[in-house]
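J.: This is the structure I want to talk about, given as structure tokens.
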Amino acid sequence: FAESIWQPQLLKWLVALALAQCGVLVAACVLADSHGPGLAQYPAWMLGPVAAVALSAVVWEVGVVRAAGFRCKVLVTLPSTALNVVDVATDSLAAASVIAAACGGSSQLEDAWRLVTDQSALPFHTPLWLLAILAWLSGGLQFCLAFVSVLAYKDGFAATGADLMGFETFALLSEGQRTEEEQDENEEQRTEAEQRAIDARRRGAESQADFRVLVKFLLRLLIENLFQLHLQLTCIGLSVALSGWTGAARSMLLSVSISAFFLTMKLLQAVPTMASILAGTATYRDKPVSERIMWVGVPCVPTLLLVVYAAAKFWALFQCPQHLLNVTGCVELDL
């Protein structure tokens, strides 16, 4: 876990994952069948390279675990590496399905989407293909922040960069190493200045741990997962209303399932941090109650509302006649 070891490795994987994500998007756009009225269908064999990249990420992370010394706690995070890679890649495939449909010329998705926005409270219309690109670029924002975090060699930033790339095992081990190094030092031989420095590092680590959760909460949950989830549910509903449950709609439903799984995991991971903020522990012990409630309420309330709305849209896929929902109820379209 020396800087000379972990930093080049993380940078290599950051570049590899970014290139893989771009490659999946471009290949799916070029190879997708866009002759129907709904979503374009990318070739099923493209899931093979996605699985290969996920397996490569797992092999790399297992090597990191062996180099750092095996710990039982990593058994919880190791499966998340492959699933994170699959999540990012299937989001790229879903974006390609929308973009290819718009470029194909025969799809009626955009026309149906305009009918939906005309019935909604939105004061403007944004094309679906543009929303798909923006949702895909939200993952690029994570990669940019991960790149900055990895280059900024500072306590906690390596863990933040690893988290943003989905390598939670690496983040867990890098945190544990700092704690063990502090515990291994002989307390009796510490000077007062050394003890103050160690206490300051511990407080910084607590602050960085909270920062990591908030970064994951805001970036990977709100901006990426929920954005992707709502967009993909809308695209599925439009496609099913136009052409029924085609292979393309079922493929995007797979991406929705993975995003929903990670959304649940990230919400559960945020619970202990939000509880510690409310309780006034660690770095929040000197904060007034009103400020602690604001720190929890500002991200949590809109997130929970969007999660409930996403669940309602999933219900509408199978219960509403046109498979679509807005804030006033099931959408009625003249298709």
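J.: Can you tell me how many residues within the stretch 116-129 are open to solvent by 70 Å² or more (accessible area, probe 1.4 Å) and at pLDDT below 90?
T.: Just the residues of the stretch 116-129 that are open to solvent by 70 Å² or more (accessible area, probe 1.4 Å), to begin with: 118-119, 121-124, 129.
Those left that are additionally at pLDDT below 90: 118-119, 121-124.
Residues flagged as open to solvent by 70 Å² or more (accessible area, probe 1.4 Å) and at pLDDT below 90 within the stretch 116-129 amount to 6.
J.: Out of curiosity, is LEU83 among the aliphatic types (A, V, I, L, M), part of a helix (DSSP H, G or I), modelled with pLDDT of 70 or more and surrounded by 23 or more Cβ atoms within 10 Å (Cβ to Cβ)? Outline the logic, then answer.
T.: Values: among the aliphatic types (A, V, I, L, M): yes; part of a helix (DSSP H, G or I): yes; modelled with pLDDT of 70 or more: yes; surrounded by 23 or more Cβ atoms within 10 Å (Cβ to Cβ): no.
The answer is no for LEU83.
J.: I'm told LEU268 meets every condition in (1) in contact (Cβ under 8 Å) with a residue 24 or more places away in the chain; (2) open to solvent by 50 Å² or more (accessible area, probe 1.4 Å); (3) out of contact with any helix residue (DSSP H, G or I) (no Cβ under 7 Å at 6 or more places or on another chain) except one. Can you identify the failing condition by its number?
T.: (1)
J.: For the stretch 42-55, give me each residue that is more than 23 Å from PRO79 (Cα to Cα) and open to solvent by less than 60 Å² (accessible area, probe 1.4 Å).
T.: Scanning the stretch 42-55 gives TYR42, PRO43.
J.: Filtering the stretch 5-34 down to residues that are open to solvent by 70 Å² or more (accessible area, probe 1.4 Å) and within 17 Å of CYS144 (Cβ to Cβ), which residue is modelled with the lowest pLDDT?
T.: LYS12
J.: Under 8 Å between Cβ atoms, which residue pairs at least 6 apart in sequence (or on different chains) link something in the stretch 56-71 that is on the phi < 0 side of the Ramachandran plot and open to solvent by 40 Å² or more (accessible area, probe 1.4 Å) with a partner that is assigned to a loop (DSSP other than H, G, I, E, B) and at pLDDT below 70?
T.: Pairs found: ALA67/PHE1.
J.: Now for a different question. For a quick check of your reading of the model, give me the residue pairs whose first member lies in the stretch 23-46 and is farther than 18 Å from VAL86 by Cα and among the hydroxyl-bearing types (Ser, Thr, Tyr), whose second is open to solvent by 40 Å² or more (accessible area, probe 1.4 Å) and outside any helix (DSSP H, G or I), with beta-carbon atoms closer than 9 Å and at least 6 apart or on different chains.
T.: What qualifies is SER34/GLN41; SER34/GLY105; SER34/SER106.
The values are calculated or read from the model by the stated rules, or taken from the named source; none is laboratory data. Quick caveat, the model's predicted, so the values are computed rather than measured. Every residue, glycine among them, receives a Cβ derived from its backbone with ideal geometry; neighbour counts consider all protein chains shown. For accessibility, only protein heavy atoms count, side chains too; no ligands or nucleic acids. Shrake-Rupley method; radii C 1.70, N 1.55, O 1.52, S 1.80 Å.
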